[in-house]
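In what follows, a single structure is set out as structure tokens and then discussed.
Every number here is computed from the coordinates shown, using simple stated rules; none is lab data. These numbers were taken from a predicted model, which means no experiment stands behind them. Note: ideal-geometry Cβ built from the backbone for every residue, glycine included; neighbour counts use all protein chains shown.
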Amino acid sequence: MSTPDPRHTPTAEEFIAAQQSAEFRELRTKRRSFTFPVTIAAILWFVVYIVTAMFLPDFFSHKLWGNINVGLVFGLLQFLTTFVITWAYVKYADRELEPLTADIRNRLEHTGPYSDTRTV
């Protein structure tokens, strides 16, 4: 028979204190340091794709081999870019963000290594 879950439901004050903690600021900084540059790069890459298709149709229609042209390759690279970004973010989150998130969650729920304290 298992024991009941000893988690504590945090109060609004505890959430605010956690949000103002150095650990939460570090978590936010680490998340933003990955997501903002990657988002900007992905948007710029998409804009290059669209602008090139609009203003350089001869370049996009240049055949590389058989019926494969530059436009098709650029389009497929858009999909590849999405998958690579997703894979990179999952790896980054597992390595950098999840340990910080788990620590904050454990302290809020008082089930982790800080279960003997009631302050954040």
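Between Asn106 and Phe36, how many nm apart are label points set 7 Å from Cα along the C-beta direction?
That separation, rounded to one decimal, is 3.0 nm.
Would you mind estimating how fast the chain diffuses translationally, via Stokes-Einstein at 10 °C and 1.306 mPa s with the Kirkwood radius over Cα pairs, in µm²/s?
On the way: Rh = 18.2 Å.
The calculation lands on 87 µm²/s.
Compute the angle between helix 70-92 and the longest alpha-carbon principal axis of the chain, please, reported from 0 to 90 degrees and rounded to the nearest 10.
Once rounded, the angle reads 10 degrees.
Determine, from the Cβ-Cβ distance of Thr9 and Glu96 and an R0 of 22 Å, the FRET efficiency 1/(1 + (r/R0)^6), rounded to the nearest 0.05. Present the calculation step by step, with values, prior to reporting the outcome.
On the way: r = 28 Å, r/R0 = 1.26.
For R0 = 22 Å, the calculated efficiency reads 0.20.
Can you put Trp65, Trp45, Trp87 in order of Cβ neighbours within 10 angstrom, beginning with the fewest?
On the way: Trp65 6, Trp45 15, Trp87 10.
In order of increasing Cβ crowding within 10 Å: Trp65, Trp87, Trp45.
Output the relative contact order of the chain, whole-number percent, from Cα pairs under 8 angstrom with separation of 6+ residues.
Values: 74 pairs, mean separation 47.5, N = 120.
Taking the mean separation of contacting Cα pairs over the length of the chain, I get 40 percent.
By how many nm would the segment from Ile68 to Phe24 lengthen if fully extended, with 0.36 nm per residue of separation less the alpha-carbon distance? If you can, show how the numbers build up before the last one.
Numbers: separation 44, 0.36 × 44 = 15.84 nm, distance 4.87 nm.
11.0 nm is the gain from fully extending Ile68 to Phe24.
Among His62, His110, which comes first, second and so on when ranked by fewest other beta-carbon atoms within 10 Å? Show your work: numbers first, answer last.
Working: His62 12, His110 17.
Final ranking by Cβ density, sparse to dense: His62, His110.
Amide H of Asn69: which non-local residues (sequence gap of 5 or more, or other chain) have their own amide H closer than 5 Å, using H built in the peptide plane?
For Asn69, whose amide H was placed from the backbone, the distant partners under 5 Å are Leu64.
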